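A.B. asks: Mind looking over this structure? Questions follow.
The values are calculated or read from the model by the stated rules, or taken from the named source; none is laboratory data. Predicted model, so just to flag it, every value in this text is computed and none were measured. As a convention, Cβ positions derive from the backbone with ideal geometry for all residues, glycine included, and neighbour counts pool all protein chains shown.
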């Protein structure tokens, strides 16, 4: 991986802070102008056609319904790519490398530049996937680091959104509050990533022995 030693400017720090705020979901339910600092609020929603149903329809099935579901992801992918590209041009990735390296490197063995994808993975899997691919394509992470990071994201995917939204009916009857549930999910993610990390380490060690 190419070493990056670009100086971080004030623009980089500001763009990183704003991007973390937007991707974290912290302002999702905030009223007023601050609501603009949330990715989902900025994405908006499709207008309704009739009886509260938008163009995606209702009770669809098969390949056609799957196509529409995939098509709905296009705006979020385009918007997230534009956000990250803009922030990156301002130096946000270099700033992220400084802040997140002490956290991510010992925790799951990936560089600090993956911090933005790490934050966004708590609330959405599609945006985190786009950011992860962008990190690899631009040389911020290696193939092994990408594999470890994907393992982290795959376990308990988007835990905040999926637990609160998808698991809302179960939270009402759960013996545990959201905090302990989220902690269990987070530990599972870290454990899964480090299992893959260990397997890759053994594989790399074996390959080196065979080359000698």
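A.B. asks: Could you check residue 45 against (1) within 18 Å of residue 22 (Cβ to Cβ); (2) out of contact with any helix residue (DSSP H, G or I) (no Cβ under 8 Å at 6 or more places or on another chain); (3) assigned to a helix (DSSP H, G or I) and say which number it fails?
C.D. replies: (3)
A.B. asks: Got a sec? Which of 119, 63, 72 is in a helix (DSSP H, G or I) and touching a helix residue (DSSP H, G or I) at 6+ places or on another chain (Cβ under 6 Å)?
C.D. replies: On the way: 63 fails: touching a helix residue (DSSP H, G or I) at 6+ places or on another chain (Cβ under 6 Å); 72 fails: touching a helix residue (DSSP H, G or I) at 6+ places or on another chain (Cβ under 6 Å).
The conditions single out 119.
A.B. asks: I'm trying to understand the selection: among the residues of the range 154-199, which are within 15 Å of residue 123 (Cα to Cα), in contact with a helix residue (DSSP H, G or I) (Cβ under 6 Å, 6 or more places away or on another chain) and either modelled with pLDDT of 90 or more or in a loop (DSSP other than H, G, I, E, B) (or both)?
C.D. replies: Those that are within 15 Å of residue 123 (Cα to Cα), in contact with a helix residue (DSSP H, G or I) (Cβ under 6 Å, 6 or more places away or on another chain) and either modelled with pLDDT of 90 or more or in a loop (DSSP other than H, G, I, E, B) (or both): 155, 156, 157, 158, 185, 189.
A.B. asks: To continue, here is another question. Does residue 114 qualify as being over 23 Å from residue 196 (Cα atoms) and crowded, with 23+ Cβ neighbours inside 10 Å?
C.D. replies: No, not satisfied.
A.B. asks: Going by what's in this entry, would residue 149 be described as within 13 Å of the chain's Cα centre (by Cα), at pLDDT 90 or above and part of a helix (DSSP H, G or I)?
C.D. replies: yes
A.B. asks: For the range 122-146, enumerate the residues that are touching a residue at least 24 places away in the same chain (Cβ under 8 Å), part of a helix (DSSP H, G or I) and buried (at least 18 other Cβ atoms within 10 Å of the Cβ).
C.D. replies: Correct list: 127, 128, 129, 130, 131, 134, 145.
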